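Asker: This structure is in structure tokens; I'll ask about it shortly.
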Amino acid sequence: MGRNLMVREDSTKQPTTVEDWLSVLKLSTKFQIDDIRPLAASKLHSLSIDPIRKITIWDEYHLDSKLLTSSYVALCQRIEPLTLQMTMALGLKNFTKLAAARDIYHYNLGCLRCGRKTTSKGRLSLAQAAVSSVFSLTPASIKTQS
């Protein structure tokens, strides 16, 4: 009897990690379980995922790209250049748009460096504006992603 209770307890564990929820997303997509897919996407969105990985997951599963704003902003503000591996993972379309957003961001940031100090909030606003213009996102969707 105690052994059956242990099995029941184990079977009620909820997914908690990125890998767990990614498995749920994969299976719900494969078996077309449409009421589970949005839950898995929502849970994945709430977890800390590397921006490149998040973008590739969203592309692979055709999830709402508006939820990627914070990932694009983080990559836009990245000081180091994107690596070849990152570029390949993003794909040509995403990389091209991200490169344009980074160019806009760094150009505007450079102009501000001439005479003023830019706060982290100011840099974030510049990155959000650059991402918004290149990825055609509305300011409202950007503010909710910060």
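The values are calculated or read from the model by the stated rules, or taken from the named source; none is laboratory data. Note that the structure is predicted; figures quoted are calculated from it, not measured. So basically every Cβ, Gly included, is an ideal-geometry build from the backbone, and we count neighbours across all protein chains shown.
Asker: Kindly provide the set of residues from the range 33-56 that are over 16 Å from LYS93 (Cβ atoms) and hydrophobic (A, V, I, L, M, F, W, C), ordered by number.
Answerer: ILE33, ILE36, LEU39, ALA40, ALA41, LEU44, LEU47, ILE49
Asker: So, in the range 31-64, exactly how many residues are assigned to a loop (DSSP other than H, G, I, E, B), under 21 Å from GLN128 (Cα atoms) and among the aliphatic types (A, V, I, L, M)?
Answerer: Selection size over the range 31-64: 3.
Asker: Moving on to the next point. Is it true that LEU82 is assigned to a loop (DSSP other than H, G, I, E, B), farther than 17 Å from GLU19 by Cβ, touching a Lys or Arg at 6+ places or on another chain (Cβ under 9 Å) and modelled with pLDDT under 95?
Answerer: Yes; evaluated as a whole, the condition is true for this residue.
Asker: A further question follows. Across the range 69-99, which residue is surrounded by the fewest Cβ atoms within 10 Å (Cβ to Cβ) among those that are more than 17 Å from ILE49 (Cα to Cα) and among the small types (Gly, Ala, Ser)?
Answerer: GLY91
Asker: Any residue in the range 94-111 that's without any contact (Cβ under 8 Å) to a residue 24 or more places away in the chain: show its pairings with residues that are surrounded by fewer than 18 Cβ atoms within 10 Å (Cβ to Cβ) and of a type in the set (D, E, K, R) at Cβ separation under 9 Å, as long as the two are six or more apart or on different chains.
Answerer: LEU109/ARG123
Asker: Could you check LEU67 against (1) assigned to a helix (DSSP H, G or I); (2) at pLDDT 95 or above and say which number it fails?
Answerer: LEU67 satisfies every listed condition except (2).
Asker: Take TRP21 and decide whether it is outside the structural domain of ALA129 (by TED's automatic domain parsing), part of a helix (DSSP H, G or I) and closer than 19 Å to SER136 by Cα.
Answerer: Criteria not met by TRP21.
Asker: Anything in the range 16-35 that is under 19 Å from ILE55 (Cβ atoms) and over 18 Å from the mean Cα position of the chain (by Cα)? List them, or say none.
Answerer: THR29
Asker: Taking the range 110-146 as the region of interest, how many residues are hydrophobic (A, V, I, L, M, F, W, C) and at pLDDT below 85?
Answerer: Going through the range 110-146 one residue at a time, the tally reaches 6.
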